[in-house]
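Participant: For reference, the structure I am asking about is given below.
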Amino acid sequence: MSQWLANVLDRASTVNDWLSPVRQTALATLREQAWPTRRTEAWRYTSLHEVAELELKQAGNSASVANAEAPAIAGLNSLDLVFVDGQPVTDFSMLTLSAGVTVTQLHGVNAEQQGRISELFNQAKPAHHLFGLVNDVLAEQGVVIDVAAGADVQQPIRIVNFVTDGVESHHRVLVNVGDNAKVTVIEHGAGNGHSMNTAYAEYVLGSESKLEHYRFAMHGQEAIHMGGSHFKMGESSRLNSTIVGYGSRLTRIDTDVIHAAEHAFAKMNCIYLLAPKEHFDLHTTIEHAKPNGTSEENARGIVGDKAKAVFNGRIHIHRDAQKTLAELNNRNLLLSRGGQINTKPELEIYADDVQCAHGATVAEIAEKELYYLQTRGIPRSQALVMLNFGFVQELVNQMPNKALSEWLQPLLRERFSAMETK
Amino acid sequence: MMLTIKDLQASVEEKTIIKGLNLTINPGEVHAIMGPNGAGKSTLGYVLSGREGYEVESGSVEFEKQDLLEMEVDERARAGIFLAFQYPVEIPGVSNMEFMKESVNAARKERGEEPLSAAEFLKTAKAACKQVNLPLDFLKRGVNEGFSGGEKKRNEIMQMILLQPKLCILDESDSGLDIDALKVVADGVNSQRDGKRSFIVVTHYQRLLDYIQPDFVHILADGKIVKSGGPELAKEVETSGYAWLEGHEEASA
Ligand SMILES: Nc1ncnc2c1ncn2[C@@H]1O[C@H](COP(=O)(O)OP(=O)(O)O)[C@@H](O)[C@H]1O
Ligand SMILES: [Mg+2]
């Protein structure tokens, strides 16, 4: 065990709130976890030595945090819930909520809701994610979103979580999308400095419900970010998820989509963009536990010089899950020979009447394409940006929310410039 | 003088391909370069464009009083050199429209002009697209993505029309075209002849030169210009092919 994990276990005993009963289960599991090594399958390509000895200031529970404004997104008109190092900046008592939605802080769930909400906890997130367990036992701050059955929530809900230099923080989001309800939730992580945060979100989708989901993990070069978005799909529910991740000192994101009922449809597009020397690790799992489910996943990554990307795309089709349609595609673009990508599709199929397609490719930036653009007067670095855009544009265009895709364009341009080997 | 190439020697992968080439082009002139396959015609275009891997071993190239060989690929392009490729590359994901807008605005910036707005550009691009007889939806498609050979060639000519270069190097813009497409390409080129703009028309066959009247015809063989003359030289090639070159080489050796 690492010193850091030992400290986590110590601190976990001081957490005492309405979630304590469910946290106890997680704590028991966490105590049995061995600290991952290179031989641990889930961490084969991502070393945790940076975390093992980490000693950062813990985000205080009542510490007043500097006023932070959410980065504005023109035309989005979202309900913004802003946190700094996991601590709320938004005054939750002042929120104007759409009909059918309740938004509360994790610790502020009233007695009447507690039973039901605590049942959401660890419903979608499997217990094998080490940092998910850490989040289970330590995250005292966070957001609970409860969308009533049938509610059609027009205003997107955005949870912004800034990290700051020298601080460790843990943040949890629990979302219940009632039957036939419709909602958009954006998890927006930003900030820089030598920080460490875990941010896990769980979504339970009722039958025929629709969730539009975004996760932006846009942390600076120095940050360590561990997180996950996990979805439990109800009957005929629909998920459309877009994940955009920057690399950093260490970013690891786990996603799980669990087809726990029939006829669910899940679409997930992931884009990861690594500047030189950064690390980014994305593990995605799709569990088809019930028949007639559909999943479409597209992940595209661009990897800068001396950066390292890890993509693990698992599709697990259980024996009962006949008539499943599952597609997974991962494409990577290396900007330099010094970059590294470890991509691994993992298929486990136990049903015989299914359609499952998967593929992974790694390509180098094509010099002849760069040359062609340059012969038309476009400077090399701008040509690189254009080729990078070309590589991910299709996924950006598929984002259902146009305000978000518009907002993303200049950020990507900036990002691509930062990714260039100068 | 627009372009002066002196004693140019250039190699690819340590193999010398251009072996002492001299050529002078004045504003407004059309020079045809003909020659057998493998003579080094495309290589000459690449060297003039500044392509990586094409090493200049000796000689000089002056373009509008600048040392061309010292300039980057994109600088040469903005200075007014345009190369229409024999085999244009496909770039899926980058739209033809965005690509051309960025190129045109890079050229405008170089000339000290304001960038075109999206609407202004669209108008110009539509006109150019029509001129080379490409459907308008080609602007929205990925650069050359899934275009036929002929469509790629016409797309090159469209870019030339939009970029308004000073020196256009057309590398076998006629190959693989049927007669109608050939006329479209030739008309596109002719529409750009204004007495100042110069052209190097590289072609294997005489056919294109029925439509684009050259001022000079050069025969390039084994990395050198072995014969220069007027349009009549092209006719000569048509009747006797390149077989006579063997004799010529022996004679000059
Ligand atoms: N990238 C390359 N690597 C090696 N040899 C090359 C390369 N490009 C061209 N060559 C060689 O250079 C010579 C001239 O080629 P090229 O300029 O394409 O001729 P042309 O256009 O006149 O048909 C040929 O012998 C060809 O094989
Ligand atoms: Mg050629």
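Participant: Considering A:Phe265, A:Phe231, which residue is in contact with a Leu (Cβ under 6 Å, 6 or more places away or on another chain) and of a type in the set (Phe, Trp, Tyr)?
Facilitator: Exactly one of A:Phe265, A:Phe231 is in contact with a Leu (Cβ under 6 Å, 6 or more places away or on another chain) and of a type in the set (Phe, Trp, Tyr), namely A:Phe231.
Participant: Which condition does B:Ile169 not pass, out of (1) closer than 20 Å to A:Gly390 by Cβ; (2) surrounded by 15 or more Cβ atoms within 10 Å (Cβ to Cβ), if it passes all the others?
Facilitator: Tallying (1) closer than 20 Å to A:Gly390 by Cβ; (2) surrounded by 15 or more Cβ atoms within 10 Å (Cβ to Cβ), B:Ile169 fails exactly one: (1).
Participant: Looking only at segment B:105-121, decide whether some residue is touching a Ser or Thr at 6+ places or on another chain (Cβ under 8 Å), more than 16 Å from ligand 2 (Cβ to nearest atom) and open to solvent by 10 Å² or more (accessible area, probe 1.4 Å).
Facilitator: Taking every residue of segment B:105-121 in turn, at least one turns out to be touching a Ser or Thr at 6+ places or on another chain (Cβ under 8 Å), more than 16 Å from ligand 2 (Cβ to nearest atom) and open to solvent by 10 Å² or more (accessible area, probe 1.4 Å).
Participant: Take B:Leu8 and tell me if it is modelled with pLDDT of 95 or more, part of a strand (DSSP E or B) and within 16 Å of ligand 1 (Cβ to nearest atom).
Facilitator: When the stated conditions are applied, B:Leu8 passes them.
Participant: Moving on to the next point. Restricting attention to segment A:386-398, and to residues there that are more than 7 Å from every other protein chain (Cβ to nearest Cβ) and crowded, with 21+ Cβ neighbours inside 10 Å, which single residue is nearest to A:Ile365 (Cα to Cα)?
Facilitator: Looking at residues that are more than 7 Å from every other protein chain (Cβ to nearest Cβ) and crowded, with 21+ Cβ neighbours inside 10 Å, I get A:Asn388.
Participant: Still on this structure, please answer the following. For segment B:15-32: of the residues being within 9 Å of ligand 1 (Cβ to nearest atom) and in contact (Cβ under 8 Å) with a residue 40 or more places away in the chain, which is farthest from B:Glu64 (Cα to Cα)?
Facilitator: Going through the qualifying residues, I end up with B:Ile17.
Listed here are the residues, each with its yes/no results for (1) away from chain A (no Cβ under 11 Å); (2) out of contact with any helix residue (DSSP H, G or I) (no Cβ under 6 Å at 6 or more places or on another chain).
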site: B:Glu64; (1), (2): yes, yes
site: B:Glu72; (1), (2): no, yes
site: B:Ile81; (1), (2): no, yes
site: B:Ala84; (1), (2): no, no
site: B:Glu90; (1), (2): no, yes
site: B:Phe99; (1), (2): no, yes
site: B:Asn105; (1), (2): no, yes
site: B:Glu113; (1), (2): yes, yes
site: B:Leu122; (1), (2): yes, yes
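Participant: Could you please tell me which pairs satisfy a Cβ distance under 8 Å, a separation of 6+ or placement on different chains, a first residue in segment A:392-406 that is farther than 13 Å from A:Met268 by Cα, and a second residue that is open to solvent by 60 Å² or more (accessible area, probe 1.4 Å) and part of a helix (DSSP H, G or I)?
Facilitator: As it stands, the answer is A:Ser405/A:Asn397, since those pairs meet every condition given.
Participant: Condition first: assigned to a strand (DSSP E or B) and more than 11 Å from ligand 2 (Cβ to nearest atom). Now tell me which residues in segment B:18-49 satisfy that.
Facilitator: B:Ile18, B:Lys19, B:Gly20, B:Leu21, B:Asn22, B:Leu23, B:Thr24, B:Ile25, B:Val30, B:His31, B:Ala32, B:Met34 - these are the residues of segment B:18-49 that are assigned to a strand (DSSP E or B) and more than 11 Å from ligand 2 (Cβ to nearest atom).
Participant: While we're here: Which one of these does B:Leu69 not meet: (1) buried (at least 17 other Cβ atoms within 10 Å of the Cβ); (2) outside any strand (DSSP E or B); (3) within 16 Å of ligand 2 (Cβ to nearest atom)?
Facilitator: All conditions pass for B:Leu69, except number (3).
Participant: Right, next: Scan segment B:165-182 residue by residue and report those that are over 19 Å from B:Arg207 (Cα atoms) and either within 11 Å of chain A (Cβ to nearest Cβ) or acidic (Asp, Glu) (or both).
Facilitator: Hit for segment B:165-182 is B:Pro165, nothing else.
Participant: For segment A:57-71, state whether one or more residues are in a helix (DSSP H, G or I) and modelled with pLDDT under 95.
Facilitator: No, the conditions are met nowhere in segment A:57-71.
Let's see how each residue does on (1) within 14 Å of chain B (Cβ to nearest Cβ); (2) outside any helix (DSSP H, G or I):
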{"residue": "A:Glu327", "(1), (2)": "no, yes"}
{"residue": "A:Arg331", "(1), (2)": "yes, yes"}
{"residue": "A:Thr361", "(1), (2)": "yes, yes"}
{"residue": "A:Gly377", "(1), (2)": "yes, yes"}
{"residue": "A:Pro400", "(1), (2)": "no, yes"}
{"residue": "A:Ala403", "(1), (2)": "no, no"}
{"residue": "A:Leu411", "(1), (2)": "no, no"}
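Participant: Mind checking which residues of segment B:48-62 are of a type outside the set (S, T, N, Q), more than 9 Å from ligand 1 (Cβ to nearest atom) and open to solvent by less than 50 Å² (accessible area, probe 1.4 Å)?
Facilitator: Listed by number, the residues that qualify are B:Leu48, B:Gly50, B:Gly59, B:Val61.
Participant: Please go through segment B:1-16 and give me each residue that is open to solvent by less than 30 Å² (accessible area, probe 1.4 Å) and within 16 Å of ligand 2 (Cβ to nearest atom), ordered by number.
Facilitator: Residue satisfying the conditions is B:Ala10 alone.
Participant: Just for strands (runs of 3 or more DSSP E) wholly inside segment A:230-302: which have at least 1 residues that are more than 21 Å from A:Tyr200 (Cα to Cα)?
Facilitator: Of the strands (runs of 3 or more DSSP E) lying wholly inside segment A:230-302, those with at least 1 residues that are more than 21 Å from A:Tyr200 (Cα to Cα) span A:265-274, A:279-288.
Participant: Continuing with the same structure: Look at A:Leu335 and say whether it is crowded, with 23+ Cβ neighbours inside 10 Å and either in contact with a Gly (Cβ under 6 Å, 6 or more places away or on another chain) or closer than 20 Å to A:Ser241 by Cα (or both).
Facilitator: yes
Participant: Kindly list, by first and then second residue, each pair from a residue in segment A:263-280 that is surrounded by 20 or more Cβ atoms within 10 Å (Cβ to Cβ) to a residue that is at pLDDT 95 or above and hydroxyl-bearing (Ser, Thr, Tyr), limited to pairs with Cβ atoms under 6 Å and residues at least 6 apart or on different chains.
Facilitator: Going by the 6 Å Cβ cut-off, the qualifying pairs are A:Ala264/A:Ser237; A:Ala266/A:Ser295; A:Met268/A:Ser241; A:Asn269/A:Thr242; A:Leu273/A:Tyr246; A:Glu278/A:Ser248; A:Phe280/A:Thr251; A:Phe280/A:Tyr272.
Participant: What number goes with the only condition from (1) surrounded by fewer than 20 Cβ atoms within 10 Å (Cβ to Cβ); (2) more than 11 Å from chain B (Cβ to nearest Cβ) that A:Lys368 does not pass?
Facilitator: Here A:Lys368 clears every test but (2).
Participant: Tell me whether segment B:50-64 contains one or more residues that are aliphatic (A, V, I, L, M) and within 16 Å of ligand 2 (Cβ to nearest atom).
Facilitator: No, every residue in segment B:50-64 fails to be aliphatic (A, V, I, L, M) and within 16 Å of ligand 2 (Cβ to nearest atom).
Participant: Pairs, please: C-beta under 9 Å, at least 6 apart or cross-chain, first residue under 29 Å from B:Glu64 (Cβ atoms) and within 16 Å of ligand 1 (Cβ to nearest atom) and in segment B:81-99, second in a strand (DSSP E or B) and of a type in the set (Asp, Glu)?
Facilitator: B:Leu83/B:Asp171; B:Ala84/B:Asp171; B:Phe85/B:Asp171; B:Gln86/B:Asp171; B:Tyr87/B:Asp171
Participant: Follow-up question, since we're still on this one. Please go through segment A:28-43 and pick out each residue that is in a loop (DSSP other than H, G, I, E, B) and without any contact (Cβ under 8 Å) to a residue 24 or more places away in the chain.
Facilitator: The answer is A:Glu32, A:Thr37, A:Arg38, A:Arg39, A:Thr40.
Participant: Only one of B:Val184, B:Val217 is β-branched (Val, Ile, Thr), open to solvent by less than 40 Å² (accessible area, probe 1.4 Å), at negative phi and modelled with pLDDT of 95 or more; which?
Facilitator: Going through B:Val184, B:Val217 in turn, the sole match is B:Val217.
Participant: Of all residues in segment A:7-46, count the ones that are open to solvent by 30 Å² or more (accessible area, probe 1.4 Å) and more than 25 Å from A:Gln123 (Cβ to Cβ).
Facilitator: 11
Participant: Is it the case that B:Glu98 is open to solvent by 50 Å² or more (accessible area, probe 1.4 Å), at pLDDT below 95, away from ligand 2 (no atom under 16 Å from the Cβ) and outside any loop (DSSP other than H, G, I, E, B)?
Facilitator: When the stated conditions are applied, B:Glu98 passes them.
The values are calculated or read from the model by the stated rules, or taken from the named source; none is laboratory data. Computed from a predicted structure; not experimentally measured. Neighbour counts run over all protein chains shown; Cβ positions are idealised from the backbone, glycine included. SASA here: full protein model, heavy atoms, side chains in, ligands and nucleic acids out. Shrake-Rupley method; radii C 1.70, N 1.55, O 1.52, S 1.80 Å.
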